[in-house]
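Readers should treat all values here as calculations from the given coordinates under stated rules, not as data from a laboratory. In this text, all values refer to a predicted model and were calculated from it rather than measured experimentally. In this analysis, Cβ positions are derived from the backbone assuming ideal geometry, glycine residues included, and neighbour counts consider all displayed protein chains.
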Amino acid sequence: MKNKILALVTLAIVLVGCSEQSYEPKEINPETAICKICNMSITEMDFAGQIIFKNGDHDVYDDLGCLVEYILESGEDKIGAAYIKDAQDHTWIDVKEATYVYASDIWTPMNYGVLAFASKEQANQYLADQGTGKLLAYEDLLTFEWGIHTH
Amino acid sequence: MDKQMIRLECKQLVRSKWVQIVTVLFVVIFISILMIQHLAMPDVTGFTRQSASLLNILLFLLPLFMLTIGSMNIASDVETGWFGLLKTYPLKVRHYTMTKYIALCSVFSGIVILAISMALLIGGFLGGIRLPLYFVLLTVMMIMIFNAISLLIGSLAKNRLHALAIGLGIWSLFTLLYSYIVMAIGTVVAEHILRKLVMVLMHLNPLEWIRFSYFLWSKQTAVLGPAFYDISTFYQTLVGIGVYMLVTAVWIVLPLSMTSIVLKNRGQK
Amino acid sequence: MKRFLYLSCFLLFLGFGQTAFASNDLQSLIDESPAGATIYLENKSYDGPIMITKPITLIGKEKTSIQSESIGVQVVEAANVHLQSLQFDVLKTAIELKNVKKSTITNVAIDNSNEGIRMFNAENIHVNGIMIKGKSGHFATKKNGIGVYDSRDIEITGTNIENVQDGLYIENTMDIFAQKNIIKSGRYGIHLMYSDDITLTENEISKNVTGLMVMMVDGITITHNQIQKQNELNSNGLFLYDVKNATVAKNELAENTVASILQNVQISKITNNLFCINGTAIQATKASEVVVTNNTFMGNILTARSDSTGFHLTGNSYDDYDGKDYDGDGIGDTPYTAVKSFGQWMVRKPVYQYFIESPSVVMLNLMDQQGNNSAPVVLVDTKPKLFQSSIKLKFKLHVPQLILGLICLIFIVVVGRKLS
């Protein structure tokens, strides 16, 4: 029995050891993933966001607005990295490095109407194509009035 | 391993007062829980507080009975010198172990069948009760695993009291302490570590394994939450079923063979 | 073989000829008819897409159907359009309304379309008696049964929707009335976003991921609905997110993983509902103003769990209340504590759900009850109503079970006799 417990403890340590790594974005399982903030299931993968915590946990969000709400609520202390899907090629980009575009007629799962782009050029290009909209930086998101526009 | 021996063992077990008390206790509790479930609740298939309590009765009581009765049975053989006497006959220890094992399994199956048949009988007057087949199979699996463990405990114990003590200790570890320890660890480690820990530890506690089997067999793994979706789906694949059978078999074969080894060494001393 | 070939050629020709003819027929019929005309359709298949831009009434027969590779019927900038008794065999959207007023859609069946009905900027629309059956497959690949966007004064009654993403999806709309709809096997039964003044009544919602998903809503009345069997992973019956002025009354919530989740809910009331056999009956965060009263809780594994602010729990009846009523006023003499430490852990770390109602947790809950001297501040009902136990002894013979029980019993007795 003692040996068994010892084995368990070793195993636990190994497990813990395995998960100490850099804050890489994780794959989302559409069957089980729900937004940490609004509980919606993640059906639109191209708008999803995720936060990797310093302790290795991760949460997913269905919309950039939910992700920002979580950051505002809980602070950035425990957050290792936060990612959002790029609006153009749908790859993960760090929220702090992305450029954002807001327009009231952009559809997102929570209808917050903000898209993320990997570079400023791409965002500007999108703005030029659409004709309307506003350029935002990460800092602007923290003071942005989410969801008010539709009411 | 002849039939005569097994019959003799069964006879002794059935005549023991402790087994008789246990039988009555188990039958009464089993029937009353089943009746409460049948009478108070509308006909539902999901995981309810009532089906949980029925499961918990099995998880709580059966292992307790088996671990104490089985371990004390072997320990008393050793204590009274009966085992030593048997060793002088041309009898293999493996046969002795198997005889004990089969006798214990049959007696406990008898107790469960008695409880079920009484429940069916009473339920037959009240419009039929719901007793899913997987529940019966789960009980069989439980009997096979825990009797094997009880034999191991008995072989390790010095005397009957010692066997009882170890049996109760192991029982409280499996049913309560184990979960409390995991829960306590959970309060300090990150959630994903807790999740992995639970998944590993699930295989290392036969009681947890049986509880997980219940959800697996009744297709209610959703009850355990999204964190265990992956492992639940794994155990529904072909490979998963193979691994499942393997783990279950190990929980039966390993304690049994260890019992034989321990007893063999004892005899040589 | 030859004959078969001829026959199929003939049928093919027939089919082509007819639909081609019909297509021109219906669109030109509509175009040629004066505004306000009523067109009676025949028992055959017409080709879409059909465009309607003026007041008109289309009435079909039993087997009148509209086929299309894209949209079935599109109504744009019109009022007083009435569609009645039609079947749709359409790839994308069966019916689309844009800027439409005072119109009705009645008795319509939509099978295997990607989307049933969609309306933008519509006003005073009544949808009644619609059957929508979506394609099989994961809900992420499908669209909604009925989608309503930027509209007002919409009435949806007597529809039967299954296998779609969201049964009713309503966004940025005022004044919704939904009654007697049966919605099952979708992602969300009814999904409301940024909409106000909503009434949902007598609907039957079952086997969805979430029954009613109510988000960013001000003013909603949910009464007499049956919300059942939302019992998959992450499932729940009723979800209120960022909601004000909600009334949830006289509903039956049964067999859901979580019956209701309240998140960021203000000035709302949950009364006279039956919470029956759910995993958790009420889970709440940031909902301290919600009043939960006169409900019946029965057979739920956990009655309530919440963050530290809790909600007002008063005057409900609970089947696991173990207090007594010595003064006989129907109200228990000791408070009922819904909060259990295990339940609170589950709110913080969902992985703990693994231990739900396990032997160790049952013991823990017992200890919780016994050692409850330091009374918790939240989720305590000081006026619990006595639970009316519904145990009824009904004698009814179930012969097979009786015989089986008897055989087993005899077997055991015989074996036992032999041994002792």
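General observations
- Residues of type lysines that B:LYS11 reaches as a straight line, Cα spacing below 29 Å, ignoring anything fewer than 8 places off in the same chain: B:LYS3, B:LYS87, B:LYS92, B:LYS100, B:LYS158, B:LYS264, C:LYS418
- Amide H partners (placed H, <5 Å) of A:THR108, local residues excluded: A:GLY113
- Label-to-label distance for B:VAL250 and C:LYS324 is 5.3 nm, based on points extended 7 Å past Cα in the beta-carbon direction.
- Local electrostatic count, C:ASP327, Cβ distance below 13 Å [Lys/Arg +1, Asp/Glu -1]: -1
- Amide H to amide H, with H built 1.01 Å from N, C:ASP153 comes under 5 Å of C:ASN124, C:MET174, C:ASP175, counting only residues 5 or more places away or on other chains.
- Gyration tensor verdict on the protein assembly as shown (Cα atoms; rounded if a/c is under 1.5, prolate if a/b is larger than b/c, oblate otherwise): prolate
- Panel order for C:THR247, A:THR108, by other beta carbons found within 10 Å of each beta carbon, from fewest to most: C:THR247, A:THR108.
- Cα centroid separation - region A:107-128 against region B:136-184, whole Å: 60
- Region C:32-208: translational diffusion in µm²/s, Stokes-Einstein, Kirkwood Rh over Cα pairs, 10 °C, 1.306 mPa s: 101
- Once the Cα atoms are used to define both axes, helix C:359-370 deviates from the longest principal axis of chain C by about 60 degrees.
- GNM result for chain C, Cα springs below 10 Å: residue of C:GLN67, C:GLN369, C:GLN266 fluctuating most strongly: C:GLN369
- Note on region B:213-260 and region C:221-246: Cα centroid distance 34 Å, given to the nearest whole angstrom.
- The lysines whose alpha-carbon is closer than 16 Å to the alpha-carbon of C:LYS63, local same-chain residues fewer than 8 away aside, are C:LYS44.
- Helix axis angle, B:178-188 relative to chain B longest principal axis, alpha carbon, degrees: 50
- Our coupling estimate for region C:82-89, obtained by passing each phi through the Karplus curve with A = 6.51, B = -1.76, C = 1.60 and θ = phi - 60°, is 10, 10, 9, 6, 10, 10, 10, 10 Hz, Gly and Pro reported as x.
- Overall form of region B:3-268 per C-alpha gyration tensor (a/c, 1.5; a/b vs b/c): oblate
- Most to least packed among B:239-248, C:146-155, C:358-367, A:58-67 [average Cβ atoms within 10 Å]: A:58-67, C:146-155, C:358-367, B:239-248
- Along region B:170-176 the Karplus relation, 6.51 cos²θ - 1.76 cosθ + 1.60 evaluated at θ = phi - 60°, assigns HN-Hα couplings of 4, 4, 5, 5, 5, 7, 10 Hz to successive residues, with x for each Gly and Pro.
- Rounded to 5, percent antiparallel among DSSP beta bridges of the protein assembly as shown: 15
- The phi-based Karplus calculation (6.51 cos²θ - 1.76 cosθ + 1.60; θ = phi - 60°) puts the 3J(HN,Hα) values of region C:327-341 at 7, x, 8, x, 10, x, 7, 10, x, 9, 9, 7, 6, 10, 4 Hz, whole numbers, x for Gly and Pro.
- Out-of-range pairs (alpha-carbon distance over 18 Å; input C:LYS229/C:LYS269; C:LYS54/C:LYS102; A:LYS26/C:LYS286): C:LYS229/C:LYS269; A:LYS26/C:LYS286
- Degrees between helix B:238-268 axis and first principal axis of chain B (Cα, 0 to 90, nearest 10): 20
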